[in-house]
Ligand code: ADP
């Protein structure tokens with residue numbers, strides 16, 4: 001019908017495109033990883049939708065097909081996935097909906113050139129990576145369940161067009177017109193090696209169209225497609241584990257922990273899980289649910305099964321079971337006892353690995369703690385089942401020294417007669433170290449934990465005590481100090497408190513409940529304290545959220 005609709009990219013897309021095209025020159029081959037990953041995601045999605053809508057069923061030969069043509073300087077990637085409607089093409093390929101992408105653009109802008117590849121790895125640049133190698137891209141897509149097809153078309157500079165198209169089957173076809181300096185990527189051997197490197201684990205068949213001697217051409221398998229977690233450990237190299245980790249976590253670092261095991265018994269499953277070595281830069285903005293992938297008989301089902309508690313959401317990987325039906329629905333997933341059992345077993349396994357590593361107390365464990373401790377501590381607040389176990393391996397800053405400490409080590413250092421674990425919460429460690437609230441404790445050699453993460457405002461009250469020692473905020477414990485002797489000479493009060501206190505009470509009026517003398521200050525003149533009510537940081541937090 002020839003009606004062509006012209007649209008502008010959103011400003012963020014324009015900027016991101018510019019960055020991707022101009023700053024990632026040395027890593028251009030990842031364009032294929034990004035496009036193949038999208039095709040695989042779309043195929044997974046269609047398979048999942050088809051569970052409840054048979055009309056969307058995938059063809060038996062569903063695959064991701066790659067067709068290079070070096071003479072024409074063109075590459076076509078086709079999938080049988082869920083496809084995109086007119087509006088989805090505009091939304092997905094013309095705007096940046098995900099908050100993380102904007103941030104990514106900013107980070108990339110600020111990063112030194114040599115750090116950029118690792119940023120890309122952490123995030124993945126997605127579809128726009130196509131413009132690293134192509135100067136024009138056409139995306140023709142037909143949404144599964146619809147007869148309409150549309151072509152999105154752009155040179156990656158400012159605008160794109162949409163026009164009606166035809167496609168005999170649902171799915172998406174991406175046609176890249178290559179830049180002269182990128183034609184190397186059209187060599188079949190080069191494409192094959194990129195697929196092996198980046199996409200071997202994709203469980204859908206990936207084919208590469210290659211010419212035969214007699215001039216005919218043929219789709220030849222290009223990926224192994226075996227689920228790595230189903231192989232035996234001795235057949236997997238460290239590099240293969242790392243590659244798979246990077247694929248499943250969309251990460252670029254080395255995993256800190258790789259856990260690969262088969263569970264046998266009432267529920268049978270295979271699991272390959274990783275704890276990342278670095279914190280993904282947008283980790284704290286991501287959703288709070290675990291994204292570990294659930295497979296049933298090697299088929300990806302969902303990453304929304306919440307296979308681990310929220311405080312373990314840094315764990316990445318897959319769980320694959322024989323004990324669920326392939327057509328399990330989301331609703332059913334939540335209710336099935338099989339999944340509850342898997343959840344419990346997987347959580348226990350990860351927990352015991354963390355416990356083991358905490359015991360070894362290597363520098364790597366401290367790095368893990370720096371990366372994910374703030375998330376683990378959410379478990380102290382909300383996970384009644386594992387709260388005490390988390391408390392045992394948790395690490396804290398304290399007034400003892402600059403290192404991280406455990407609660408057990410704190411208890412060993414407690415003063416004679418001390419029956420509580422003292423802590424102070426606040427916004428940052430430096431401010432805490434200099435807080436006047438600590439003076440009386442310092443003077444008496446009583447150690448105080450310094451808690452500077454936002455979650456620290458909440459969990460101490462819930463944990464309540466550890467090994468029969470109460471957790472007590474210093475802000476509410478000045479009374480406790482009287483039972484400890486100062487290590488320094490107690491200074492004579494230079495002022496007559498009998499006169500000063502009534503005067504201060506008058507002056508401050510309603511603003512305070514009372515003004516009292518104290519033994520807990522050595523340098524500062526006054527300090528605010530709270531009795532009974534919520535802790536200072538909690539009050540501040542509640543104020544911030546308008547309560
Ligand atoms: P990401 O994949 O990280 O979300 P992309 O920029 O790669 O980001 O893609 C944006 C969106 O476009 C995807 O989330 C998906 O909804 C859609 N999309 C991309 N490629 C395809 C495809 N081959 N089939 C269907 N949808 C796709």
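Just so you know, all these numbers are worked out from the coordinates, no wet-lab data involved. These numbers were taken from a predicted model, which means no experiment stands behind them. Cβ coordinates were reconstructed from backbone atoms using ideal geometry, including for glycine residues, and neighbour counts include every protein chain displayed.
I'd like the projected area of the chain, averaged over all directions, using the convex hull of its alpha carbons. Report it in nm² with one decimal. If you can, show how the numbers build up before the last one.
Values: hull surface 131.0 nm².
Here the figure is 32.8 nm², rounded to one decimal.
In degrees from 0 to 90, rounded to the nearest 10, what is the angle of the helix 188-199 Cα long axis to the longest principal axis of the chain?
Once rounded, the angle reads 30 degrees.
Using label points projected 7 Å from each Cα along Cα→Cβ, tell me how many nm separate residue 344 and residue 157, to one decimal.
Label-label distance for residue 344 and residue 157, simple model: 6.3 nm.
Looking at the stretch 188-331, what % of its DSSP beta bridges pair antiparallel, to the nearest 5? Let's see the in-between values first.
Values: 22 of 26 bridges.
If we restrict to bridges inside the stretch 188-331, about 85 percent are antiparallel.
Tell me, 4, 296, 315 in order of fewest to most beta-carbon neighbours within 10 Å? Write out the running numbers ahead of the final one.
Values: 4 11, 296 19, 315 24.
Listing 4, 296, 315 from fewest to most nearby Cβ atoms yields 4, 296, 315.
At 222 nm, what value in deg cm²/dmol follows for the chain if DSSP H runs of at least 4 each add -39500 (n - 2.57) and the sum is divided by all its residues, to the nearest 500? Don't skip to the answer; put the middle values down first.
Working: 19 runs with 189 residues, N = 547.
Result for the chain, helices only: -10000 deg cm²/dmol.
Grab the Cα-Cα distance for residue 297 and residue 180, subtract it from 0.36 nm times how many residues apart they are, and report the gain in nm with one decimal.
Numbers: separation 117, 0.36 × 117 = 42.12 nm, distance 4.40 nm.
Difference between extended and current length: 37.7 nm.
Calculate, in whole percent, how much of the Cα-Cα pair population of the stretch 138-233 lies beyond 17 Å. Mind dumping the intermediate values first?
Details: 3124 of 4560 pairs.
That tail contains 69 percent of the Cα-Cα pairs.
Where both partners of a DSSP beta bridge lie in the chain, what percent of those bridges are antiparallel, to the nearest 5? Display every interim value, and only then the final one.
Numbers: 63 of 78 bridges.
Given both bridge residues lie in the chain, the antiparallel proportion sits at roughly 80 percent.
Two decimals, Cα atoms only, Kirkwood Rh: what is Rg/Rh over the stretch 263-370?
Details: Rg = 14.7 Å, Rh = 14.8 Å.
Checking Rg against Rh, the ratio lands at 0.99.
Calculate how steeply helix 11-23 sits against the longest principal axis of the alpha-carbon atoms of the chain, using the helix alpha-carbon long axis, and give the answer as 0 to 90 degrees to the nearest 10.
80 degrees
Quote the FRET efficiency, to the nearest 0.05, computed for residue 322 versus residue 52 with a Förster distance R0 of 25 Å and r equal to the Cβ-Cβ distance.
Numbers: r = 22 Å, r/R0 = 0.88.
For R0 = 25 Å, the calculated efficiency reads 0.70.
Can you compute the modelled spin-label distance between residue 336 and residue 220, with each label point 7 Å from Cα toward Cβ, in nm?
Between residue 336 and residue 220, the simple spin-label model gives 3.9 nm.
Using 7 Å Cα-to-Cβ label points, what is the residue 288/residue 11 separation (nm, one decimal)?
3.3 nm
Using bins 10 angstrom wide from zero, how does P(r) for the stretch 133-190 break down, in % of all Cα pairs?
23, 40, 29, 9
Sorted by packing (mean other beta-carbon atoms within 10 Å per residue), highest first, where do 34-47, 503-516 land?
Numbers: 34-47: 21.4, 503-516: 10.7.
By packing density, highest mean first, the sequence is 34-47, 503-516.
Convex hull over the alpha-carbon atoms of the stretch 145-302: what's its volume per residue in Å³? If you can, show how the numbers build up before the last one.
Working: hull volume 36.9 nm³, N = 158.
Considering the Cα atoms of the stretch 145-302, their hull volume per residue is 234 Å³.
Just to verify a number: FRET efficiency for residue 135 and residue 370, C-beta to C-beta distance, R0 = 41 Å, to 0.05? Walk me through the numbers before you get to the answer.
Numbers: r = 44 Å, r/R0 = 1.06.
Efficiency at R0 = 41 Å is approximately 0.40.
How big is the stretch 332-434 along each principal axis, measuring the range of its Cα positions in Å and listing the largest first?
Computed over the stretch 332-434, the largest-to-smallest principal extents equal 53, 29, 28 Å.
Over all directions, what mean area does the Cα convex hull of the stretch 1-60 project, stated in square nanometres? Please report the intermediate quantities before stating the final value.
Numbers: hull surface 30.3 nm².
Its average projected convex-hull area is 7.6 nm².
Per residue, what volume in Å³ does the Cα convex hull of the stretch 381-528 take up? Intermediate results must be reported in sequence, preceding the final value.
Working: hull volume 18.8 nm³, N = 148.
It is 127 Å³ per residue.
Which of 264, 29 comes first, and how do the rest follow, when ranked by fewest Cβ neighbours within 10 Å?
Working: 264 9, 29 19.
Sorted ascending by nearby Cβ count, the order is 264, 29.
Going by how many other Cβ atoms sit within 10 Å of their own, how do 274, 368 line up, fewest first? Each step should come with its number before you reach the end.
Details: 274 26, 368 23.
Result, fewest neighbours first: 368, 274.
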